[in-house]
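Worksheet: the structure to be examined is printed underneath.
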Amino acid sequence: MLPKWFNDWNKDNPTDIFGPAILVGALGGAVFVAILLVTWGQPYATASMQTGPAGTGMSVPEFKAALAVPDPTIDEYYTEEPYVPEGAEPLAKDIYENVQVLGELTEDNFNRVMNAMTQWVSPEQGCAYCHGDGDLETYGADDLYTKVVSRRMIQMTQTINEQWDAHVNANKEVGVNCYTCHRGENVPSDIWFKIAPVNEASGNWAAVQNRATLISQSTSLPSDALETYLLDANQIVVHDLESRVEGGPAGDDALPSIQDTERTYALMNYFSNSLGVNCVFCHNSRAFYAAAGEVTPQWATASLGILMVQELNTDYLVPLRDTYPAERLGPVYADAPKVACKTCHKGYQQPLQGMNAIADWPELASSEPPEYE
């Protein structure tokens with residue numbers, strides 16, 4: 001109990017004690033948070049990759065914490081330095097039977113590449129995955145489809161590194177090898193097959209959309225975008241940017257239809273998810289539909305990637321359709337498996353986060369005999 005005079009004095013002379021307490025608490029909390037950030041680091045710090053001229057705000061921000069997380073498949077990557085030939089070694093084509101690719105390699109380097117392919121593609125089955133369970137003398141036979149396909153995939157890998165250098169090595173030497181797609185699996189993840197129409201109860205536009213599929217990135221957008229653009233090589237377009245434009249989707253002066261636009265959006269959505277980026281990674285938000293002069297350098301790299309994928313599907317993968325057994329073909333049209341951006345990128349801007357996949361594998365970097373250093 002306090003004296004009455006003290007209570008009366010406090011009543012007549014009120015003092016705000018809550019405001020200063022809140023202020024002191026807030027300042028103390030801010031100092032404490034600052035100390036934690038200095039000590040432990042900023043958990044939400046970002047790093048920006050500039051994608052256009054300085055001062056235009058063209059950049060892609062990413063959390064540093066996310067950038068620091070390695071692709072988990074990199075730890076399983078197998079590599080081995082090549083054996084530098086002395087000049088007198090016999091070549092693989094002179095030692096083994098039916099060597100149609102890589103025959104110009106020495107025996108040591110040929111076996112080194114074969115061992116790597118086993119680690120990259122069939123680590124559990126081993127050599128038997130392509131050559132069967134017979135003795136070494138039977139390895140020349142083409143009895144298994146896996147060997148025939150693997151031979152063609154070696155040629156495809158060499159073509160990518162040799163003829164599509166402007167895409168795969170746009171920023172630095174990265175290249176590709178079997179592991180870029182396979183990641184230790186017999187069948188690479190993120191391959192695709194034709195599945196449209198996906199809505200058999202409807203026709204025309206609705207038949208290829210309004211049903212979430214993996215190819216449409218689980219949206220209601222058209223599910224035939226990869227087929228239309230990365231296999232049939234149709235022009236990637238959107239409807240006219242002006243409203244109430246004269247003309248329609250048919251005739252000599254046909255305009256792109258609304259479904260063409262939605263199909264393009266489906267492809268762009270696929271691109272974004274495949275590389276883990278957003279639209280301004282390639283496009284200038286101020287001039288979004290500009291095709292030249294105002295886009296980012298990545299736009300040109302992506303454009304080359306589209307042409308590359310079209311060639312890989314048309315020249316290498318689709319022709320293997322009759323080589324595969326029925327269980328390896330598509331569930332709807334029994335078509336051959338095909339590739340797209342995500343088959344290599346797996347959600348990263350660069351496959352394997354920019355690791356050089358041909359540093360130790362010059363045999364896969366070109367169809368010409370390698371020059372070892």
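The values are calculated or read from the model by the stated rules, or taken from the named source; none is laboratory data. What you see is a predicted model; the values in this text were computed from it and never measured. Note that each Cβ is placed from the backbone with ideal geometry, even for glycine, and that neighbours are counted across all protein chains shown.
Overview of results
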item	result
Restricting region 47-88 to residues that are out of contact with any strand residue (DSSP E or B) (no Cβ under 9 Å at 6 or more places or on another chain) and not in a loop (DSSP other than H, G, I, E, B), the residue that is nearest to Asn356 (Cα to Cα)	Ile74
In region 194-209, the residues that are assigned to a helix (DSSP H, G or I) and crowded, with 21+ Cβ neighbours inside 10 Å	Val208
Hey, Ser272 under 25 Å from Asp71 (Cα atoms), of a type outside the set (A, V, I, L, M, F, W, C) and not assigned by TED's automatic domain parsing to the domain that holds Val176 or not	yes
Count - residues of region 210-235 that are free of Cβ contacts under 8 Å to residues at least 40 places away in the same chain, under 16 Å from Asn199 (Cβ atoms) and part of a loop (DSSP other than H, G, I, E, B)	8
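Residue-by-condition table, conditions (1) loosely packed, with under 15 Cβ neighbours inside 10 Å; (2) assigned to a loop (DSSP other than H, G, I, E, B):
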site: Ala302; (1), (2): no, no
site: Asp315; (1), (2): yes, no
site: Pro331; (1), (2): yes, yes
site: Cys344; (1), (2): no, no
site: Gly347; (1), (2): yes, yes
site: Leu352; (1), (2): no, no
site: Asp360; (1), (2): no, yes
site: Ser366; (1), (2): no, yes
site: Pro369; (1), (2): yes, yes
